[in-house]
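To keep things clear, I will list the structure first and then write my remarks on it.
The values are calculated or read from the model by the stated rules, or taken from the named source; none is laboratory data. Keep in mind the model is a prediction, meaning the values are calculated, not measured. Because the Cβ atoms are built from the backbone with ideal geometry, glycine has one as well, and the counts that use them run over all protein chains shown. Keep in mind that these areas ignore ligands, DNA and RNA; they rest on the heavy atoms of the full protein, side chains included. Shrake-Rupley method; radii C 1.70, N 1.55, O 1.52, S 1.80 Å.
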Amino acid sequence: SISLNRNFREREELALSIMPPSKKTKNKRLETAQDVDQVLKKCRLLKQEQHENFFNEGETKKVCAVKEEIVEVQELPSEHVMEGMESIAIQIAQQIMENSNKSGFSLQIPSRAASNQIYVEEWDRIVLGPKTSTRSFINVKESRKTAITVRVLQLLHKVLGSNIHITKRDLFYTDVKLFVDQSESDGVLDDLACMIGCTRSNLHVVASDKGLVVGRIQFTEDGDEIDCTKMGVGGKAIPPYIDKIDNIHSDAEFVLLVEKEAAYMRLAEDRFYHKYPCIVITAKGQPDVATRMFLNRIYTELKIPVLGLVDSDPYGLKILSVYLSGSKNMSYDSASLTTPNIQWLGLRPSDLNKYKLPDQCRLDMTPTDIKMGKELLKESFITKNPKWAKELEIMINTKQKAEIQALSSFGFQYITEEYLPRKLKEGDWI
């Protein structure tokens with residue numbers, strides 16, 4: 001039997017040695033394509049399933065909107081935003097004239113307090129409730145905040161009129177004596193967006209770009225054609241003005257959402273997206289507004305699965321929750337800042353034993369980590385997903401955590417050549 005097997009291998013090697021180079025290459029490509037098809041088989045089924053379910057989300061939203069009175073903003077053209085600003089200014093002027101300067105003026109502002117944050121299970125995200133607060137100019141405690149609101153309104157009207165974008169820092173430095181601290185002007189930005197009913201990006205005030213994207217996606221950015229497979233090893237910076245991105249198209253099978261820049265760079269340098277057609281995105285830790293909006297656009301327009309790759313610790317899971325359900329600070333704009341149905345691919349607590357991660361690569365959880373983990377167990381996005389809750393319980397019970405980079409203990413390219421292909425082939429996401 002051994003002799004027969006040896007003879008068979010020898011004949012096979014001889015056949016390959018005399019085979020024309022073109023035929024060898026063709027056979028190798030065919031074998032590689034078949035391997036990739038096997039790896040992506042379950043991912044493609046997930047893609048098909050999500051594509052079919054995508055159209056049901058709109059119906060769920062319509063039913064839920066009748067059930068709960070909420071405040072949600074929407075994308076508005078600059079002309080409508082300016083009209084909203086001018087409407088507020090007119091209301092202020094009318095109040096002053098009608099009251100003959102006896103009671104000044106006041107502004108009705110949607111409350112962004114924690115007590116007005118509502119988690120809508122059908123949408124799987126946090127939204128802003130119907131409560132409002134009054135900001136009065138003649139109230140000693142509120143006069144400065146009211147003055148800041150009016151000043152920011154004036155500055156933003158000028159920005160929109162000039163059709164330019166500015167950063168939050170730019171806005172702060174236009175009147176440092178009045179604002180004193182940037183948090184003051186930043187907070188008013190969100191208030192005005194709520195009052196006008198537009199997204200914060202519609203005010204043409206953006207945060208500094210932070211996120212990166214690489215892989216199988218092309219789009220137009222302010223008239224320029226962008227191909228993210230040809231943007232160098234590091235990929236493309238996600239622009240802060242998402243409203244200037246158009247004509248998004250892709251042949252990707254999925255989006256790989258990565259927490260850490262180091263893991264992103266490994267995937268980018270190994271050109272992981274060439275072998276397994278995908279789009280790789282990172283916000284380098286805590287997600288910024290632009291990256292969240294960009295991910296939402298991709299999911300909405302391409303209708304492909306989003307797989308999350310984060311550290312196996314409470315903070316990694318918290319980061320996923322911001323992409324998934326939103327943050328309380330910007331709950332009024334959660335529709336454009338959240339991405340539903342994100343699948344947790346790794347690094348999960350159960351992976352530590354499954355992939356036999358060495359003890360020296362595992363870290364002990366701190367009391368703060370454990371406390372945060374227990375708090376997460378009570379969060380709605382965890383309680384509605386028993387598999388996520390089970391993974392979090394494993395983490396808390398073992399009191400162990402691990403970073404994505406711990407996989408490098410098996411080899412620098414282990415994550416791209418072994419870990420992720422195996423995860424995808426097994427459909428090992430939750």
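For the chain, what is the calculated [θ] at 222 nm in deg cm²/dmol (nearest 500), taking -39500 (n - 2.57) for each run of four or more DSSP H residues and dividing by its residue count?
Result for the chain: -15500 deg cm²/dmol, rounded to the nearest 500.
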### Task
Between beta-carbons, use under 14 Å as the cut-off and find the net charge around residue 412, counting Lys and Arg +1, Asp and Glu -1.
-3
### Task
Please state the charge dipole magnitude for segment 244-377, taken about the Cα centre, from unit charges on C-beta atoms (+1 on K and R, -1 on D and E), reported in debye and rounded to the nearest 20.
140
### Message
Counting only protein heavy atoms and a 1.4 Å probe, tell me what percentage of the chain's accessible area is made up of carbon and sulfur.
### Response
51
### Query
Using the Karplus equation 6.51 cos²θ - 1.76 cosθ + 1.60 (θ = phi - 60°), what ³J(HN,Hα) coupling, rounded to whole Hz, does each residue of segment 188-204 give in order, writing x for Gly and Pro?
5, 4, 5, 4, 5, 4, 5, 5, 7, x, 10, 6, 5, 5, 5, 7, 6
### Task
Filter the chymotrypsin sites (Phe, Trp or Tyr not before Pro) in segment 319-419 to those in DSSP coil with at most 15 other Cβ atoms within 10 Å of their Cβ, and list the result.
412
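On average, how much accessible surface per residue is there in the chain, in Å², for a 1.4 Å probe, leaving out ligands, DNA and RNA?
50
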### Query
Which cross-chain or sequence-distant (5 or more) residues have an amide H under 5 Å from the amide H of residue 76, H modelled 1.01 Å from N in plane?
199
### Query
Once the other residues with Cβ under 13 Å from the Cβ of residue 203 are scored (Lys, Arg +1; Asp, Glu -1), what is the net sum?
-4
### Message
Quick check: from the Cα gyration tensor, does segment 67-168 come out rounded (a/c under 1.5), prolate or oblate?
### Response
oblate
### Task
Only loop residues by DSSP count here, and only those with at most 12 other Cβ atoms within 10 Å; note down the trypsin sites (Lys or Arg not before Pro) in segment 237-327 that meet that.
none
### Task
Could you list, in their original order, any pairs among 210/230; 131/177; 275/387; 275/303 whose Cα atoms are separated by more than 25 Å?
131/177; 275/387
### Query
All other residues with a Cβ under 9 Å from the Cβ of residue 239 taken together, and with Lys, Arg as +1 and Asp, Glu as -1, what is their net charge?
-1
### Where trypsin sites (Lys or Arg not before Pro) fall in DSSP loop in segment 124-157, at most 16 other Cβ within 10 Å
131, 141
### Task
Give me the angle, in degrees from 0 to 90, between the Cα long axis of helix 78-99 and the longest principal axis of the Cα atoms of the chain, rounded to the nearest 10.
30
